[in-house]
Amino acid sequence: MVLKAGVPLVAGKSGFTQSEFEEIKRLYVEEGRTFSQIAKVIGKGSENSVRNCLAKARVNRASIGEKKLERFKSGQKYGKITLLTRLVKSKKLRYHVVCDCGYEFDVDPYFLTLPNDHKNNVSECPRCRAAK
């Protein structure tokens, strides 16, 4: 492994070029992409080859000084629902949300990300769902 300005060059051995490795690193650290998503974006390699490439270079989100990625942010829309604020006092992750009709309620944001045909999916408030 050759060091260039303190950065290990692992691109050649893993099958990725240096520019591809830099793109992999950027997608992983800055955008928070998964290994399989990165392999699809690059159009080369597999989930394991991307994971191994990052592991050999000792790249992880914590080592770069990144704080934990926030998956949910105020203002995001899911169907008719908009996230307002995160509830701090709740033991579980919950957000105060508002529906397009104006009704406000609290919800676990993971229910918002479920597929549309899932039984626990929340894409509108209870009032709008009952009106259907």
Is it the case that GLU31 is charged (D, E, K, R) and at pLDDT below 80?
-> yes
Scanning the range 26-45 residue by residue, those exposed (fewer than 13 other Cβ atoms within 10 Å of the Cβ) and closer than 13 Å to VAL59 by Cα turn out to be ARG26, GLU30
All but one of (1) touching a Phe, Trp or Tyr at 6+ places or on another chain (Cβ under 6 Å); (2) without any contact (Cβ under 8 Å) to a residue 12 or more places away in the chain; (3) acidic (Asp, Glu) hold for GLU47; which doesn't?
-> (2)
Looking at VAL122, is it assigned to a strand (DSSP E or B), touching a residue at least 12 places away in the same chain (Cβ under 8 Å) and closer than 14 Å to GLN76 by Cβ?
-> no
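The values are calculated or read from the model by the stated rules, or taken from the named source; none is laboratory data. Here the structure is a predicted model, which means the values were calculated and not measured. Note: ideal-geometry Cβ built from the backbone for every residue, glycine included; neighbour counts use all protein chains shown.
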